[in-house]
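J.: Right, I'll just put the structure down here and ask away after.
The values are calculated or read from the model by the stated rules, or taken from the named source; none is laboratory data. In this text, all values refer to a predicted model and were calculated from it rather than measured experimentally. All Cβ positions, glycine included, derive from the backbone under ideal geometry; neighbour counts span all protein chains shown. In case anyone asks, the SASA skips ligands and DNA or RNA and just uses the protein heavy atoms, side chains included. Shrake-Rupley method; radii C 1.70, N 1.55, O 1.52, S 1.80 Å.
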Amino acid sequence: MFSGLKDETVGRLPGKVAGQQFVLQECENCNIYIFDHSATITIDDCTNCRIFLGPIKGSVFFRDCKDCKCIVACQQFRTRDCRKLEVFLCCATQPIIESSTGMKFGCFQYYYPELALQFKDAGLSIFNNTWSNIHDFTPVSGENNWSLLPEDVAVHDFVPLPTSEELKGVRISTDATRSIIPITRGQRRKSSDESCLAVLFAGDYTTANARKLIDEMTGKGFVLVQTKEVSVKAEDAQRVFQQRVSEFIPLLEKGPVVALEFNGDGAVEGCRSIVNEVFSGTKIFVSEDKTSASRDVDNFYNFADMQMGM
């Protein structure tokens with residue numbers, strides 16, 4: 001627990017929280033870093049703090065906080081009676097704000113060597129991130145209590161890297177290309193009316209292949225809109241894979257699939273050619289053409305949202 005601190009830099013190194021719950025309360029003008037996974041975290045009555053919270057297996061709950069800048073990864077995100085929080089978020093379920101105003105959200109963007117394993121230990125998939133799909137429990141008509149941060153903001157301008165001797169040893173990068181969580185556009189307006197769905201099947205290299213495909217596509221100027229990791233049963237496969245269902249059913253039994261939506265003029269052709277060139281030995285579903293692609297995207301994500309109880 002960190003309680004009643006003022007003008008301090010404090011934290012926990014990897015391995016020091018080890019899946020326990022943690023509490024932050026009544027801190028003012030502090031830099032707080034939890035470089036480990038935890039069970040749940042509550043943050044009460046904190047003002048003007050910069051906070052990093054590593055993967056949280058359950059919920060994170062901010063109450064009565066104001067003017068804080070945060071980087072958070074969790075299963076559930078809630079705020080109540082907060083104002084002016086800026087949050088770079090990875091959240092597996094729909095984030096909820098209540099009686100809160102001036103909230104701003106961006107996509108989680110962070111790396112240190114232990115972080116990938118901490119996500120696993122917390123039971124969180126790096127591909128399930130609904131950071132921009134905010135539910136406002138107490139909307140006020142004519143006002144907007146939340147908005148999305150600009151795409152080009154730098155995370156370290158919000159939550160600076162730690163300067164204390166103890167915490168400096170954590171090898172952090174805030175470079176977008178190194179982020180453990182793929183950076184997605186989320187609910188921001190798409191720049192093109194052409195999207196493409198790519199689905200990777202379970203195997204030893206699924207995560208590495210998904211990252212490689214994202215790097216190749218974004219390197220060519222396409223935008224990653226959303227990602228999802230979800231199990232697809234044989235009886236649901238028809239909805240997602242339509243007439244090509246028979247070739248994919250055996251692959252679905254190996255485990256969850258990872259689906260990526262890319263956007264941009266020429267996305268389908270671009271994705272198909274990368275998959276043929278770079279992943280020739282790997283079976284990957286890619287939309288056939290622009291028309292079927294928008295249907296593929298809708299079918300898959302509607303199915304995934306139902307599966308995940310969104």
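J.: Quick one: what pairs do we get from segment 158-179, first residue at negative phi, second part of a helix (DSSP H, G or I) and open to solvent by 80 Å² or more (accessible area, probe 1.4 Å), C-beta under 9 Å, 6+ apart or different chains?
T.: Leu161/Lys168; Pro162/Lys168; Ile172/His156; Thr174/His156; Thr177/Asp215
J.: Modelled with pLDDT under 95, in the same structural domain as Thr163 (by the TED database) and either not in a strand (DSSP E or B) or not β-branched (Val, Ile, Thr) (or both): which single residue out of Gly19, Gly54 fits that description?
T.: None of the others qualify; the one that does is Gly19.
J.: Yes or no: Thr40 open to solvent by 10 Å² or more (accessible area, probe 1.4 Å) and either closer than 24 Å to Val140 by Cα or not aliphatic (A, V, I, L, M) (or both)? Steps first, please.
T.: Numbers: open to solvent by 10 Å² or more (accessible area, probe 1.4 Å): yes; either closer than 24 Å to Val140 by Cα or not aliphatic (A, V, I, L, M) (or both): yes.
Here the answer is yes, as Thr40 does meet what is asked.
J.: Turning to a different aspect of this structure: Between a first residue in segment 10-29 that is under 17 Å from Cys74 (Cα atoms) and in contact (Cβ under 8 Å) with a residue 40 or more places away in the chain and a second residue that is in a loop (DSSP other than H, G, I, E, B) and charged (D, E, K, R), which pairs have beta carbons less than 6 Å apart while being 6 or more apart in sequence or on different chains?
T.: Pro14/Asp36; Pro14/Glu114
J.: Answer yes if at least one residue in segment 30-37 is free of Cβ contacts under 8 Å to residues at least 40 places away in the same chain, over 21 Å from the mean Cα position of the chain (by Cα), closer than 20 Å to Leu161 by Cβ and open to solvent by 40 Å² or more (accessible area, probe 1.4 Å), and no otherwise.
T.: no
J.: Continuing with the same structure: Does segment 86-96 contain at least one residue that is outside any strand (DSSP E or B), surrounded by fewer than 24 Cβ atoms within 10 Å (Cβ to Cβ) and more than 17 Å from the chain's Cα centre (by Cα)?
T.: For segment 86-96, residues outside any strand (DSSP E or B), surrounded by fewer than 24 Cβ atoms within 10 Å (Cβ to Cβ) and more than 17 Å from the chain's Cα centre (by Cα): absent.
J.: Going by the structure shown, is Thr47 surrounded by fewer than 20 Cβ atoms within 10 Å (Cβ to Cβ) and hydroxyl-bearing (Ser, Thr, Tyr)?
T.: yes
J.: Note down all Cβ pairs under 9 Å where the first residue falls in segment 291-309 and is not assigned by the TED database to the domain that holds Asn133, the second is of a type in the set (A, V, I, L, M) and open to solvent by 60 Å² or more (accessible area, probe 1.4 Å), and they're at least six residues apart or on different chains.
T.: Correct list of pairs: Ala304/Met310.
J.: Residues that are more than 21 Å from the chain's Cα centre (by Cα), among the small types (Gly, Ala, Ser), at negative phi and open to solvent by less than 50 Å² (accessible area, probe 1.4 Å): does segment 204-216 have at least one? Walk me through how you get there before you give the answer.
T.: Going residue by residue through segment 204-216, those that are more than 21 Å from the chain's Cα centre (by Cα) are 204.
Filter again for among the small types (Gly, Ala, Ser), leaving none.
Looking through segment 204-216, none of the residues is more than 21 Å from the chain's Cα centre (by Cα), among the small types (Gly, Ala, Ser), at negative phi and open to solvent by less than 50 Å² (accessible area, probe 1.4 Å).
J.: Let me ask something else about it. Which residues, taken from segment 97-118, are over 18 Å from the mean Cα position of the chain (by Cα) and closer than 20 Å to Gly19 by Cα? Write out each step before concluding.
T.: Kept after step one, since they are over 18 Å from the mean Cα position of the chain (by Cα), are these residues of segment 97-118: 98-102.
Across segment 97-118, there are no qualifying residues.
J.: Report those helices (runs of 4 or more DSSP H) wholly inside segment 226-310 carrying at least 2 residues which are of a type in the set (A, V, I, L, M, F, W, C), surrounded by fewer than 21 Cβ atoms within 10 Å (Cβ to Cβ) and under 24 Å from the mean Cα position of the chain (by Cα).
T.: On the way: elements: 234-241, 245-252, 267-278, 290-307.
In segment 226-310, the matching helices (runs of 4 or more DSSP H) lie at 290-307.
J.: Next up: On the given criteria, is Lys104 without any contact (Cβ under 8 Å) to a residue 60 or more places away in the chain and under 28 Å from Glu143 (Cα atoms)? Before you say what the answer is, go through the steps one by one.
T.: Working: without any contact (Cβ under 8 Å) to a residue 60 or more places away in the chain: yes; under 28 Å from Glu143 (Cα atoms): yes.
Considered against the rule, which asks whether it is without any contact (Cβ under 8 Å) to a residue 60 or more places away in the chain and under 28 Å from Glu143 (Cα atoms), Lys104 comes out as yes.
J.: Restricting segment 161-187 to residues that are exposed (fewer than 14 other Cβ atoms within 10 Å of the Cβ) and part of a loop (DSSP other than H, G, I, E, B), which is nearest to the chain's Cα centre (by Cα)? Walk me through how you get there before you give the answer.
T.: Applying the first criterion (exposed (fewer than 14 other Cβ atoms within 10 Å of the Cβ)) to segment 161-187 yields 163-166, 168-169, 171, 175, 177-178.
Checking which are part of a loop (DSSP other than H, G, I, E, B) leaves us with 163-164, 169, 171, 175.
On the way: Thr163: 26, Ser164: 28, Gly169: 25, Arg171: 21, Asp175: 15 Å.
This residue is Asp175.
J.: So the check is Cβ under 7 Å with 6+ separation or different chains; which pairs have a first residue in segment 209-222 that's within 12 Å of Val278 (Cβ to Cβ) and a second one that's in a helix (DSSP H, G or I)?
T.: Lys212/Val278; Leu213/Ile274; Glu216/Ile274; Glu216/Val278; Met217/Gly270; Met217/Cys271; Met217/Ile274; Lys220/Gly270
J.: Among the residues in segment 119-130, are any buried (at least 20 other Cβ atoms within 10 Å of the Cβ) and without any contact (Cβ under 8 Å) to a residue 60 or more places away in the chain?
T.: For segment 119-130, residues buried (at least 20 other Cβ atoms within 10 Å of the Cβ) and without any contact (Cβ under 8 Å) to a residue 60 or more places away in the chain: absent.
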